Structures are given as C-alpha cells and as structure tokens.
Amino acid sequence: MGLTETDREYTHKANGHRRFYGEYLNADGNPLASTRKSAIPDLADTAEARRMHVYAAPETSEVVRAQRDMRRLKRWDELFSRIRVPYLVLVIEGHNIWSELSLFKITLVQKGGARAVGGSISAVADLIFAGTIAAERLSMDLKIWGKVSPKLSEKAFQTTNPVFQRALPSLARAIPEIVTKRMLGGIVTAGLTMSVSLLDMAHEWDTGDMDAAAAYGASAVGGGMMLMGGLMMAKMTEAGIAPILLGLGPWGWVVTGATLAIGAGLLAIVLDDPPLVDWLKRGPFGPEQDDAYLHLANNPQETYYRLVDLLASPRITIETAHNMSAKLAGQGYTIDPRQDSEFAKINTVVRVENNATAMLNEASLTVAMRPVQVTRKPTQRGPKTQRKILQEQPRVVLEQSLPGGKVYYLALPPRVTFKNFRGQEGVKTSEVLVRAQWHSSWDYGQGSRNLVFPAPELHDPVTFDLAVHGKPDFNETDQLFWADEQTHKAEEGT
C-alpha cells in the first residue's frame, strides 16, 4: 500500500508507538489518499483525492472472511437482479400449477387423495408466493406499490427460544433470529414441496419401487438443504458473518441441495416402474397385493385384458412419400399406365400396427382418418398458421395388409402457394389425422368378453361404453380406447 521499509520501522519519539503509514495510488501512480498530508499538498489539486479511514486486519481473521462473504452474496444478488429471477420463477410456477391440476385425476387414482390434494395445495402456494416476490420486484422496477417490500420485510416471529438454543446451538447460530414474512413464505412453500416429495416416496415404497422411493427421499433432503442455505444467507445478512453448519457455508448448502433435489427428482422419474413391471408387481402373481388397483382385484378377465393391452403396443406412423410408382414396382406390383398415374399422386403413407392381432385369434381393426388443411399466410405481425380439419375422408389410393395391421397410401391435396392483396406469398399444405381401434371377442368358460384396444392406463378403472367411446374425436389426442399418431408413435428401430 505504498509503504517503504522506513515507514514500517518508524517509531514515534515521544511515546514510542509505532505508526502505520500508507497511501492509495491510481493507475498512473498518483496518490488518491494517504496517511501523510505531505504526500498530497493540496486536496483541491487532486480531483479524486478524499479523506479515508483504513482499517487493517489479518487476512485470516473472522472480520475479513465476513466481508468477503458479504461481497460474494452481493454479487449473486446483483446477478439475480439483472436476470429478473422472480419473473422467471413466476412463469415456472404457473406451468407447475397447470401441470398439477391437469394431472389431478391421474394422481388421485395412482397415488391417493392426500398426494393429489397436497400437490395442488403446494402448487397454489408456490404460485402465490412467486407472484408476491415478482410483485415486489415489479414495484422496484416501476417505482410503484411502495408498501410491498416493507410489508414483506416485517417480522413474523423470532427464533430466540432459550430451549432451542441450548438443545441445538449450531443450528441456532446458523438460522436468523428474526424471521420476516418473506422468509416465512419461503419456509412454508418449501415445506409443502418437501411434503409432496415424501408422499411420493411413501407411494413408491408402498408399491415396492424402492429405487424410485430412494430418489424421491433424496429430492426431499435436497429441498431441505436449499431451505437451510436460504436461512443461513438471511443470517449472514443479519449478522454480517457467514455461519458454518456441518462444514458447509450458505452457498454450499444451496448448491448441494439444488443439485440433489433436481438430480434426484429427475432420477425418480427415470426409475419409476413401467406399466408392465407395475402389473407384474400388483397383478394376480405379484407380491404387492394392495388396494391400489381395485378393478383388477379378483377379476381375472380384466387382469388378462390389461396384460394383453400392455403387450399389444399399438403403433401409428405417418410418412411423406415420393415416387411411389417405382417403389411399388420394386415390391413386385404390376402397374399399368392408369395405375402409374394414380400411384404417382401418393404423397403420404400411414401404417397402423398392433401386436394384439398376433396374440388373439381374431381382432378387427377400425381406422378413421381426416385430412387437415394447413394455411400459412403472411400478416403484419408475421406469419400466421391456421389448421382446419376437413370432414371428408382422405383419398386412399392403395391399401395393404400387414401381419399386424395395415398400410394406407394416401393422395392428399398437393402444396399450393398464393399471394395476398399486398403481394406477400402464403402456402397451403395438407396433413392427416389418424385414429385406430381394435375389437376382439374373448370366449371363456362363463361367457364372452368384448376386448377393445388400446385399453386405458393400468390405474384407470374405466370400461368401454359404445355410446361414449365408439366414435373418434379428432379435436383431441389420447382419447380413451383410441390410438392416435401422437400418443402411439412407433419406437425407433421397430
């Protein structure tokens, strides 16, 4: 800091005290501040010069470490402020509540009422809390709603309970003494999220899926670590010193917890038992005989029907086609001139297959198709796409039988370009929607059963009703008892 060896060895003659000398220099070597007035004869001549108080402390001292931690926390706060994290979290929580509510019925059947209601309450609470924090950020950006931030910073309660401090002194030192309303909201929402993970863990444990249960448990632990890291950051802001708990500082708890929560949550999804394994565990021969699938209990016909559906694997593929005359001729077709003209119009091939035809004595296939006119036209705001489902059947030029299904060769309307009144070019193309359903009659000792494929999900007790499920709906996908090109795609390599 500009000290010479003489400065370091200086001792005051009158009292014998050693005196610290030093100065701050700019990039050009000119002094900005100094402990010696003679170094800067006239402060008015140096525009950047000012009076400064300098405090010296050992590099390893608690004060220096606390200052570094505070600067590090401030840099993270500045980063989060620049990228507007509250707004991003609000969007994520909006998607989360939409997903939770849309899957409410499935969760209710699969995991029970407590998990379904708990997940919905947690999602709603997360959205409300994220909206509140986003409103606080908006109030700072637009200089409005001045009372939002002070209200959130109000004290909710204190953690200065003597019993708690004596029982868990390390934890008491790590968490803040004053819990604000903002912090309380984070604690409540984090607690609900961890509770949902624990309910998922209990469900997987109950169904015998131990690896997925362990992953959900690890995700709950990760959420708790993130919460603990947030409390430790609040403590650091309150006391100016970064607390250490179990060898980790605030950011260590947050990073470790986030990695564990996100990684374990994704791992739990990957490790979740597929439907066939679930049937083997809970079916008539499985070790997990519980009340999860009441529609299969003591019902061998329904159990067999669901097993056949899991093995059947309906598949629908739609491919564009070119030069089909030559390809069909290569397959052994004898094509006359009239057929050559017709086959040249084929531009789409639809394959509908199902293993059920090989597993059952007889299975009748019902296929319904509708052409879709796709119009992409230019507008002042950019290209706009319109989709219109046509009511007439697409033109089927050729139909082939397969061992497990059928192939349809279609001649959809060709691509057409057009111009609007401004001279901008648009285009009209064609697509096709496909719905397929298989029927089979199964005779057994006490009567017969009409089997309809694809069956509902294993957890769904719905039975086929001709009036409700007999006709395809082209305005939705994943319709019960109907396969479509979105939900029943052929796997790669099959």
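General remarks:
- Count of segment 396-420 residues, restricted to those that are surrounded by 15 or more Cβ atoms within 10 Å (Cβ to Cβ) and aromatic (Phe, Trp, Tyr), is 2.
- Filter result for Gln393 (open to solvent by 50 Å² or more (accessible area, probe 1.4 Å), more than 26 Å from Asp309 (Cβ to Cβ) and assigned to a strand (DSSP E or B)): no
- In segment 244-296, the residues that are open to solvent by 70 Å² or more (accessible area, probe 1.4 Å), closer than 30 Å to Arg68 by Cβ and either part of a helix (DSSP H, G or I) or at pLDDT 75 or above (or both): Val255, Thr259, Ile262
- Qualifying residue in segment 78-85 (condition: open to solvent by less than 100 Å² (accessible area, probe 1.4 Å), in a helix (DSSP H, G or I) and at pLDDT 70 or above): yes
- Looking only at residues in segment 97-108 that are modelled with pLDDT under 85 and crowded, with 18+ Cβ neighbours inside 10 Å, the one that is farthest from Leu294 (Cα to Cα) is Glu100.
- Hits in segment 421-456 - residues which are outside any strand (DSSP E or B), open to solvent by 70 Å² or more (accessible area, probe 1.4 Å) and either under 18 Å from Asn355 (Cβ atoms) or touching a Ser or Thr at 6+ places or on another chain (Cβ under 8 Å) (or both): none
- Residue selected from segment 352-371 under the condition at pLDDT 75 or above and not in a strand (DSSP E or B), by the criterion farthest from Lys471 (Cα to Cα): Asn355
- Pair list, Cβ < 8 Å and 6+ apart or interchain, from segment 467-480 residues that are closer than 15 Å to Trp438 by Cβ to residues that are of a type in the set (Phe, Trp, Tyr): His469/Phe481; His469/Trp482; Pro472/Trp482
- Looking only at segment 115-169, and only at residues there that are of a type in the set (Lys, Arg) and under 20 Å from Leu231 (Cα atoms), the one that is surrounded by the fewest Cβ atoms within 10 Å (Cβ to Cβ): Arg166
- Figure legend. Inter-residue proximity from segment 424-436: first residues of a type in the set (Lys, Arg), second residues buried (at least 21 other Cβ atoms within 10 Å of the Cβ), beta-carbon distance below 6 Å, spacing 6+ or different chains. Indicated pairs: Arg435/Pro472; Arg435/Trp482; Arg435/Asp484.
- Only listed residue being modelled with pLDDT of 85 or more and either open to solvent by 40 Å² or more (accessible area, probe 1.4 Å) or out of contact with any helix residue (DSSP H, G or I) (no Cβ under 9 Å at 6 or more places or on another chain) (or both), chosen from Val349, Val374: Val374
- Residue in segment 314-331 that is in contact (Cβ under 8 Å) with a residue 40 or more places away in the chain, more than 17 Å from Gln400 (Cα to Cα), open to solvent by less than 80 Å² (accessible area, probe 1.4 Å) and not hydroxyl-bearing (Ser, Thr, Tyr) present: yes
- Looking only at segment 336-358, and only at residues there that are of a type in the set (A, V, I, L, M, F, W, C) and touching a Ser or Thr at 6+ places or on another chain (Cβ under 6 Å), the one that is nearest to Glu399 (Cα to Cα): Phe343
- Figure legend. Inter-residue proximity from segment 389-406: first residues closer than 17 Å to Tyr333 by Cα, second residues of a type in the set (D, E, K, R), beta-carbon distance below 6 Å, spacing 6+ or different chains. Indicated pairs: Val397/Glu342.
- Of Phe481, Phe474, Phe464, all but one fail to be open to solvent by less than 70 Å² (accessible area, probe 1.4 Å), at positive phi and in a loop (DSSP other than H, G, I, E, B); the exception is Phe481.
- Some residue of segment 336-345 being assigned to a strand (DSSP E or B), among the hydrophobic types (A, V, I, L, M, F, W, C) and on the phi < 0 side of the Ramachandran plot: no
- Of the residues in segment 125-134, at least one is touching an Asp or Glu at 6+ places or on another chain (Cβ under 7 Å) and of a type in the set (D, E, K, R).
- Among the residues making up segment 335-346, those that are out of contact with any strand residue (DSSP E or B) (no Cβ under 6 Å at 6 or more places or on another chain) and either open to solvent by less than 40 Å² (accessible area, probe 1.4 Å) or at pLDDT 80 or above (or both) are Ser341, Phe343, Ala344, Lys345.
The values are calculated or read from the model by the stated rules, or taken from the named source; none is laboratory data. Only a predicted model underlies this, so the values are computations on that prediction, with no experimental measurement involved. For neighbour counting, all protein chains shown are included, and Cβ atoms are generated from backbone atoms with ideal geometry for every residue, glycine included. Surface accessibility is based on the protein's heavy atoms, side chains included, excluding ligands, DNA and RNA. Shrake-Rupley method; radii C 1.70, N 1.55, O 1.52, S 1.80 Å.
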